[in-house]
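I have placed the structure first, in the form of structure tokens, so that the comments after it can refer back to it.
The values are calculated or read from the model by the stated rules, or taken from the named source; none is laboratory data. Here the structure is a predicted model, which means the values were calculated and not measured. Cβ sites come from the backbone with ideal geometry, for glycine too, and all protein chains shown count toward neighbours.
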């Protein structure tokens, strides 16, 4: 049975599964969602707002369709076990208050290959936990880390087609890579914000990765950032007379590993 929702102060609460489609009417529609169960059909947003009161379990290949805002607070969106395609434009918000990103439970959990041909716009602190699965960003898709936002990519295989597939909009933004493999199918220029590396992350491809941000990125203690597979890696100070270093080695065994690549110092 389909569910149509309009207006504000709406809630879906309780225990059980939802097998019918859910459609929110428009930008004046808001829904509080706290279901102990699984949503088996896609949810159509139509520029509305959904606020979580608990983890949201999606079943099969169900996704969010259309544009809208998802407020995670301190909860997870857990995607289903079948390959899924997202064409929507989603603003991900947390509103969880200040705390270290690694301790923030709010996340998007992938449990199958996820193809993104829409926009995921992160406006706060959030985690994408791939659980070893592929996040494939097509040529029309993008992952945007907005002003002051922090995105933590963990245990994911990231595959991208275009140069503007993953980027920060401002120097106050940060992307953390934790056990990530990023396969790049075009030249990437990282112009704003900073990166942080935890555990082992590999960038690979036959194109160029150009670090052109004025901010300093960090390889944490015992972390490895590996550049391989014929990639050209450009890095240097943004301005020749600027003392800001592009890369900081955080401690013991922080490693930049160059394997079958070209390393070019700029600036």
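Numbers below:
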| read-out | value |
| --- | --- |
| Condition check for residue 130: farther than 22 Å from residue 210 by Cβ and at pLDDT 95 or above | yes |
| Hits in the range 55-75 - residues which are surrounded by fewer than 19 Cβ atoms within 10 Å (Cβ to Cβ) and modelled with pLDDT under 95 | 73, 74 |
| Residues of the range 26-37 classified as more than 18 Å from residue 75 (Cα to Cα) and surrounded by fewer than 15 Cβ atoms within 10 Å (Cβ to Cβ), total | 3 |
| Odd one out for residue 58 among (1) within 26 Å of the chain's Cα centre (by Cα); (2) more than 24 Å from residue 109 (Cβ to Cβ) | (2) |
| Which numbered condition residue 127 misses (of (1) more than 11 Å from residue 90 (Cβ to Cβ); (2) in a strand (DSSP E or B); (3) out of contact with any helix residue (DSSP H, G or I) (no Cβ under 8 Å at 6 or more places or on another chain)) | (3) |
| Criterion (under 12 Å from the mean Cα position of the chain (by Cα) and touching a residue at least 12 places away in the same chain (Cβ under 8 Å)) met by exactly one of 166, 204 | 166 |
| Complete set of residues in the range 4-29 that are over 15 Å from residue 66 (Cβ atoms) and assigned to a strand (DSSP E or B) | 10, 11, 12, 13, 14, 15, 18 |
| Total residues in the range 220-254, condition farther than 21 Å from residue 188 by Cβ and either assigned to a strand (DSSP E or B) or touching a strand residue (DSSP E or B) at 6+ places or on another chain (Cβ under 7 Å) (or both) | 4 |
| Selection within the range 89-122 - assigned to a loop (DSSP other than H, G, I, E, B), surrounded by fewer than 21 Cβ atoms within 10 Å (Cβ to Cβ) and modelled with pLDDT of 95 or more | 111, 112, 113, 117 |
